[in-house]
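Okay, structure first, notes after.
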Amino acid sequence: MPDKNEKTIDVNKLLQNKLKAISIADIENGVAKVVSGLVGEDYKCTIGDVKYTMFSGADFHIKIELSYNPED
């Protein structure tokens with residue numbers, strides 16, 4: 001008899017990597033927005049070498065830099 005606290009795993013959902021549907025530019029903009037909000041200054045983010053994993057994940061290199069505006 002299965003334990004009532006045990007959760008079933010939806011294998012099809014696990015194997016569908018939804019991260020592939022998000023553009024790298026959208027991820028970069030999202031990360032930059034969060035970091036800028038936390039720090040209080042404008043930052044930019046670049047992502048390189050994206051490798052999607054089989055189990056709904058991704059490995060990538062991320063670079064966050066202070067945005068420089070000479071007019072400020």
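FYI, it's all coordinate maths here, none of it is from the lab. The structure presented is a predicted model; accordingly, all values stated were derived computationally and were not measured. Quick reminder, even Gly has a Cβ in these numbers, built from the backbone with ideal geometry, and neighbours come from all protein chains shown.
Going by alpha carbons, how many degrees (0 to 90, nearest 10) lie between the helix axis of 24-39 and the longest principal axis of the chain?
Taking Cα atoms only, the helix is inclined about 70 degrees.
Do any chymotrypsin sites (Phe, Trp or Tyr not before Pro) in segment 6-58 lie in a DSSP loop with no more than 10 other beta carbon atoms within 10 Å, and if so, which?
Qualifying residues, ordered by number: F55.
Count the lysine pairs in the chain that are 8 or more places apart or on different chains: how many have C-alpha atoms under 28 angstrom apart?
Qualifying lysine pairs in the chain: 17.
Taking the Cα atoms of the chain, report the difference between the largest and smallest coordinate on each principal axis, in whole Å and largest first.
Principal-axis extents of the Cα atoms in the chain, largest first: 68, 26, 16 Å.
Under the rule of at least 5 residues apart or a separate chain, name every residue whose amide H is placed under 5 Å from the amide H of A58.
For A58, the qualifying residues are T53.
Taking the Cβ-Cβ separation of V34 and S56 as r and a Förster radius of 22 Å, what is the calculated FRET efficiency to the nearest 0.05?
Calculated value: 0.60.
DSSP loop GluC sites (Glu not before Pro) in segment 1-66 with at most 15 other Cβ atoms within 10 Å of their Cβ, which ones?
Answer by residue number: E6, E41.
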